[in-house]
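Peer 1: Sharing a structure, written as structure tokens. Questions coming.
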Amino acid sequence: MRQAVAGDDEAYHRLLKAITPVLRAASRRGLARAGQPPDQAEDIVQEILLAVHLKRHTWDVNAPFAPWLFAIARNKLIDMLRRRGRRVFVDIDDFSETLADEPPAPTVSASEVEAQLNTLPKRQRDVLQSIAVEASSIKQTAEKFAMSEGAVRVALHRALSSLTAKLRDA
């Protein structure tokens, strides 16, 4: 790396070639520790190599190279894991015997829901109908009923809270 920073392109090429398999193995290990499939290792390696190229001027030639390199590698692995989110890959066939064959029966009948809807104040019922049944947005519902968007949100929240409490007691 010292030679590469000094401008030796051939030394830089040899460096990148030498560190690539090490980065690939480290990326696979990091993915495995995170419970992720190792097929994303190549993408991480490419991101690390790009970061090394873009940030090589930040490396202190009097400092060891490996800690600097692995700090970049660790950060790129963490960035990729954050972008992916917490995903766990499970083969659905492993659980086919435990999955229900039929959908569960509804706990409350449609007629009961309708009866409870009719007990709501008219404004709350209208807002709930507009948003939940007609799939209107908050803004559209506010315009439709000449309300502010905040008032629509409050009415929706109150309607859902009231309906939930009533259906829970039913």
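The values are calculated or read from the model by the stated rules, or taken from the named source; none is laboratory data. The model shown is predicted, which means the values in this text are computed figures rather than measured ones. Cβ: placed from backbone, ideal geometry, glycine included. Neighbour counts: every protein chain shown. The area values use the complete protein model at the heavy-atom level, side chains included, leaving out ligands, DNA and RNA. Shrake-Rupley method; radii C 1.70, N 1.55, O 1.52, S 1.80 Å.
Peer 1: Name the residues in region 54-74 that are loosely packed, with under 11 Cβ neighbours inside 10 Å and part of a loop (DSSP other than H, G, I, E, B), would you?
Peer 2: 60, 61, 62, 63, 64
Peer 1: Show the residue pairs that are 6+ apart or on different chains and have beta-carbon atoms under 6 Å apart, the first residue being within region 40-54 and within 9 Å of residue 27 (Cα to Cα), the second being open to solvent by 70 Å² or more (accessible area, probe 1.4 Å).
Peer 2: Pairs found: 41/28.
Peer 1: Spot the failing condition for residue 155; the list is (1) touching a Lys or Arg at 6+ places or on another chain (Cβ under 6 Å); (2) without any contact (Cβ under 8 Å) to a residue 12 or more places away in the chain, and only one is missed.
Peer 2: With (1) touching a Lys or Arg at 6+ places or on another chain (Cβ under 6 Å); (2) without any contact (Cβ under 8 Å) to a residue 12 or more places away in the chain applied to residue 155, the lone miss is (2).
Peer 1: To continue, here is another question. Tell me which of these residue 163 doesn't satisfy, since it passes every other one: (1) open to solvent by less than 40 Å² (accessible area, probe 1.4 Å); (2) over 30 Å from the mean Cα position of the chain (by Cα); (3) modelled with pLDDT of 90 or more.
Peer 2: It fails just one condition, (3).
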